[in-house]
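Accompanying notes for the structure given below.
The values are calculated or read from the model by the stated rules, or taken from the named source; none is laboratory data. Keep in mind that this is a model prediction, so the values were computed, not measured. Virtual Cβ from ideal backbone geometry, glycine too; neighbours counted across all protein chains shown.
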Amino acid sequence: MSLDQAISVLVAITLMEMMLATGLGVRLADVTGAARDGRLLLGVGLANYVAVPFAAVLLLLLTDADPMAAAGILILAVCPGAPYAPPLTALARGRTATSVGLMVILAGSSVIIAPVLLFFLLPITSGSADLHVEPLGLLGVILGTQLLPLCCGLAISHWWPDWAARWLAPAVVASKILNAATLAVILTSHFPELLDIRLRGVLAMLILLGVSLGAGWSAGGGKDRDRRTVALTTTIRNVGLGLVIASGTFAGTSAVTAVMVYGLLQLLGSFLLALWWRRGSSLVEAQPISRARTH
């Protein structure tokens with residue numbers, strides 16, 4: 001087995017374990033609660049499957065990014081539903097239950113929508129490289145590595161909650177170990193490709209991060225907590241799924257590295273934003289208390 005094949009297997013196992021752990025920690029009521037809000041679902045769908053992917057295409061064309069790096073950025077742009085969104089939403093004092101529901105819905109819907117979007121959008125950004133993906137092949141991969149483990153975890157959580165509670169902590173620990181191992185292996189094996197990512201590619205990532213945030217904020221409605229929730233859910237893309245697609249389709253190229261770099265960048269940016277929002281909420285809550293003490 002070659003190194004690229006080993007990385008593909010490791011990435012697939014990591015995503016499967018993450019999705020299983022995510023399902024174990026999710027209540028079905030959170031999913032159905034988010035699904036009942038048609039206006040919210042429409043806004044989230046447009047932000048994640050229209051605004052972010054098409055903004056990525058426009059930015060990649062304007063910056064003339066390397067075709068392989070562009071492929072990695074586009075792959076992540078069409079893959080929402082990251083399991084990191086609910087913890088960051090809780091940190092930002094948003095609506096965690098809504099974030100959980102939206103995360104599961106996006107992860108499930110991306111099984112079909114992500115391959116279709118890549119089929120149509122990837123040739124636009126690849127230029128002379130003429131890159132393509134096979135939607136049906138991606139569909140089978142995503143079903144096996146993302147949707148099936150997620151549904152298994154949800155089923156256990158719903159019908160056998162005691163088992164889910166018992167297995168959740170070990171599953172989370174395993175996810176952290178696998179994520180750390182995957183990160184280390186990809187960064188060390190793809191270090192030359194990391195150096196080849198041009199400044200224009202990094203600039204596209206930063207602008208896309210801002211566009212994702214703005215699209216999510218706009219789709220969140222009129223309440224501040226809802227806007228924070230949808231903004232973070234939209235900004236955080238599903239790095240695990242992106243790596244499965246990139247390592248399976250463009251193994252050994254800078255596409256895999258671009259997915260990892262953009263994934264780390266958007267995770268760091270979202271974490272800092274969540275901390276800033278949390279600090280802002282703390283200051284607002286402290287003001288009435290300080291006023292009450294002065295009267």
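Scan segment 213-255 for residues that are surrounded by fewer than 24 Cβ atoms within 10 Å (Cβ to Cβ) and closer than 22 Å to residue 115 by Cβ and report the count.
Filtering segment 213-255 for residues surrounded by fewer than 24 Cβ atoms within 10 Å (Cβ to Cβ) gives 213-215, 217-218, 221-227, 248-253.
Filter once more, so that each one left must be closer than 22 Å to residue 115 by Cβ: 215, 248-253.
Of the residues in segment 213-255, 7 are surrounded by fewer than 24 Cβ atoms within 10 Å (Cβ to Cβ) and closer than 22 Å to residue 115 by Cβ.
Determine whether residue 103 is surrounded by 20 or more Cβ atoms within 10 Å (Cβ to Cβ), within 20 Å of residue 144 (Cβ to Cβ) and among the hydrophobic types (A, V, I, L, M, F, W, C). Let's see the steps before the verdict.
Details: surrounded by 20 or more Cβ atoms within 10 Å (Cβ to Cβ): yes; within 20 Å of residue 144 (Cβ to Cβ): yes; among the hydrophobic types (A, V, I, L, M, F, W, C): yes.
Yes: the conditions hold for residue 103.
Can you tell me which residue among 226, 130 is acidic (Asp, Glu) and closer than 27 Å to residue 46 by Cα? Reasoning before the result, please.
Details: 130 fails: closer than 27 Å to residue 46 by Cα.
The unique qualifying residue is 226.
Suppose we filter 169, 184, 114 for residues that are in contact with a Leu (Cβ under 8 Å, 6 or more places away or on another chain) and among the small types (Gly, Ala, Ser); which single one remains? Don't jump to the end; show me each part of the working.
Details: 169 fails: in contact with a Leu (Cβ under 8 Å, 6 or more places away or on another chain); 184 fails: in contact with a Leu (Cβ under 8 Å, 6 or more places away or on another chain).
After ruling out the rest, the residue left standing is 114.
Would you mind finding the one in 265, 183, 203, 213 that is farther than 25 Å from residue 58 by Cα and assigned to a helix (DSSP H, G or I)? I'd like the intermediate steps shown before the answer.
Numbers: 265 fails: farther than 25 Å from residue 58 by Cα; 203 fails: farther than 25 Å from residue 58 by Cα; 213 fails: farther than 25 Å from residue 58 by Cα.
Step by step, each of 265, 183, 203, 213 is checked, and only 183 is farther than 25 Å from residue 58 by Cα and assigned to a helix (DSSP H, G or I).
Which residue pairs have Cβ atoms closer than 7 Å, lie 6 or more positions apart in sequence or on different chains, and pair a first residue in segment 1-16 that is on the phi < 0 side of the Ramachandran plot with a second residue that is surrounded by fewer than 15 Cβ atoms within 10 Å (Cβ to Cβ) and part of a helix (DSSP H, G or I)?
10/181
Here is a yes/no grid of residues against (1) touching a helix residue (DSSP H, G or I) at 6+ places or on another chain (Cβ under 8 Å); (2) modelled with pLDDT of 90 or more:
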position	(1), (2)
240	yes, no
246	yes, yes
251	yes, no
254	yes, no
271	yes, yes
277	yes, yes
288	no, no
292	no, no
295	no, no
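Does residue 109 count as surrounded by fewer than 20 Cβ atoms within 10 Å (Cβ to Cβ), polar (S, T, N, Q) and more than 17 Å from the chain's Cα centre (by Cα)?
Working: surrounded by fewer than 20 Cβ atoms within 10 Å (Cβ to Cβ): yes; polar (S, T, N, Q): yes; more than 17 Å from the chain's Cα centre (by Cα): no.
For residue 109, the condition - surrounded by fewer than 20 Cβ atoms within 10 Å (Cβ to Cβ), polar (S, T, N, Q) and more than 17 Å from the chain's Cα centre (by Cα) - is not met.
Could you tell me whether any residue of segment 116-128 is of a type in the set (A, V, I, L, M, F, W, C), over 30 Å from residue 277 (Cα atoms), surrounded by fewer than 17 Cβ atoms within 10 Å (Cβ to Cβ) and without any contact (Cβ under 8 Å) to a residue 12 or more places away in the chain?
First, pick out the residues of segment 116-128 that are of a type in the set (A, V, I, L, M, F, W, C): 116-122, 124.
Subsequent filtering for residues that are over 30 Å from residue 277 (Cα atoms) retains 116-122, 124.
The next check asks that each one be surrounded by fewer than 17 Cβ atoms within 10 Å (Cβ to Cβ); those that pass are 116, 119-120, 124.
Narrowing the set further to residues that are without any contact (Cβ under 8 Å) to a residue 12 or more places away in the chain leaves 120.
Scanning segment 116-128 turns up at least one residue that is of a type in the set (A, V, I, L, M, F, W, C), over 30 Å from residue 277 (Cα atoms), surrounded by fewer than 17 Cβ atoms within 10 Å (Cβ to Cβ) and without any contact (Cβ under 8 Å) to a residue 12 or more places away in the chain.
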